[in-house]
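The values are calculated or read from the model by the stated rules, or taken from the named source; none is laboratory data. As the structure is a computational prediction, the values presented were derived from the model and not from experiment. As a convention, Cβ positions derive from the backbone with ideal geometry for all residues, glycine included, and neighbour counts pool all protein chains shown. Calculation scope for accessible area: heavy atoms of the full protein, side chains included, ligands and nucleic acids excluded. Shrake-Rupley method; radii C 1.70, N 1.55, O 1.52, S 1.80 Å.
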Amino acid sequence: MKVLFILILAVLFSPKQGYSQKAYKFDYVLEYEYEHPADDGKVHAHTHYRFINSSDNSYILLINVDEKVVSMRLITEGGQFYHSTISEEDFLVEAISLRCPATGHVTETKLNNYAVVPKSDTIINSRSFSRVELLPVNEKKFKKGELSAREIIMDNTLGLKFPFFTPDDTAHRFYNEGEKIPNGLLKESVVTDFEGNITGRTRLIQYIPLKKMIMVDKNCK
């Protein structure tokens, strides 16, 4: 909660300069917890944050905080990302400008490895949520552990017009191809292996409205 409070304080202002920069605006921060089994037999958990623009799902800002160092990764349509780190103290500024940050492309899973399977809504705490599964079409690769199955639960309490994933996410790319991926925020994602064992679970903890802008230099290569 302390980290989330710091993130909110840091985004109350807009930059006064930056005519050579591209602006990415955000109006919600989402707090997620990711759980996965480790070699020690225990389930490890990690918290991260996602900033979104509720009017545009073509980009997203991922935030991780480790020992007072803020790691920022802006992922845009097509899988291009911009990465930079900053101290928590320096994060508390009027605007955040990524001046020629490290950049690259996220490796994307081939869509023909999966099939989109709509499922009936699920009820959680007396509320209904949309659900869909991404299932491997190659059973041999599934058995070998090269592919995983994934159940996705979406929360559209906000009445959003798009589904919100990272742009490199298989579900996001299926949506762009016209598949019926439910609109809203990712409420929960459960990844399982061929035997049905859970290998990863992502849960939405909370979301908070705010205003934020990230500037990225246009002329960087």
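Taking Cα centroids, how far is the range 39-118 from the range 124-141 in Å?
23
If each residue of separation counts as 0.36 nm, what is the full-extension length gain between His105 and Ser20 once their alpha-carbon separation is subtracted?
28.4 nm
Using a probe radius of 1.4 Å on heavy atoms only, what accessible surface per residue do you get for the chain? Whole Å² is fine.
Normalised by residue count, the accessible surface of the chain is 56 Å².
How large is ³J(HN,Hα), in whole Hz, for each residue of the range 44-54 in order, when computed from phi with the Karplus curve 6.51 cos²θ - 1.76 cosθ + 1.60 and θ = phi - 60°, using x for Gly and Pro?
Running phi through 6.51 cos²θ - 1.76 cosθ + 1.60 with θ = phi - 60° gives 9, 10, 9, 9, 9, 10, 10, 9, 10, 10, 5 Hz.
Which whole-number percent is the relative contact order of the range 23-75 (Cα, under 8 Å, 6+ apart)?
On the way: 89 pairs, mean separation 14.8, N = 53.
Here the relative contact order equals 28 percent.
List every residue whose amide H lies under 5 Å from the amide H of Thr199, counting only residues 5 or more places away in sequence or on a different chain, with H placed 1.01 Å from N in the peptide plane.
Val191, Thr192, Asp193
Using Cα pairs closer than 8 Å and at least 6 residues apart in sequence, work out the relative contact order for the range 133-221, in percent.
Working: 122 pairs, mean separation 23.5, N = 89.
Relative contact order here is 26 percent.
Ranked highest first by average number of other Cβ atoms within 10 Å, how do 22-28, 176-182 line up?
Peptide ranking by packing, descending: 22-28, 176-182.
Give, as a single signed number, the net charge of other residues whose beta carbon lies under 13 Å from the beta carbon of Glu33, with Lys and Arg counted +1 and Asp and Glu -1.
+1
What order do you get for 184-196, 31-43 when each peptide is scored by the mean count of other beta carbon atoms within 10 Å, highest first?
Ranked by mean Cβ neighbours within 10 Å, highest first: 184-196, 31-43.
Using Cα pairs closer than 8 Å and at least 6 residues apart in sequence, work out the relative contact order for the chain, in percent.
Computed value for the chain: 27 percent relative contact order.
For n ≥ 4 DSSP H runs only, could you compute -39500 (n - 2.57) per run for the chain, divide by its residues and tell me the 222 nm figure to the nearest 500?
Theoretical 222 nm ellipticity from helices: -2500 deg cm²/dmol.
Which ³J(HN,Hα) values in Hz, rounded to whole numbers, follow from the phi angles of the range 76-85 under the Karplus curve 6.51 cos²θ - 1.76 cosθ + 1.60, where θ = phi - 60° and Gly and Pro get x?
Whole-Hz 3J(HN,Hα) from phi for the range 76-85: 10, 3, x, x, 6, 10, 10, 10, 7, 10.
If you plug each phi of the range 117-131 into the Karplus form 6.51 cos²θ - 1.76 cosθ + 1.60 with θ = phi - 60°, what whole-Hz ³J(HN,Hα) values come out, in order, with x for Gly and Pro?
Rounded to whole hertz, the list is 10, x, 10, 5, 4, 10, 9, 10, 6, 6, 10, 9, 10, 5, 9.
If we count every other residue with Cβ under 10 angstrom of His46's Cβ, Lys/Arg +1 and Asp/Glu -1, where does the sum land?
Neighbourhood net charge equals -3.
Please compute the net charge surrounding Ser128, taking Lys and Arg as +1 and Asp and Glu as -1 over other residues with Cβ under 12 Å from its Cβ.
+1
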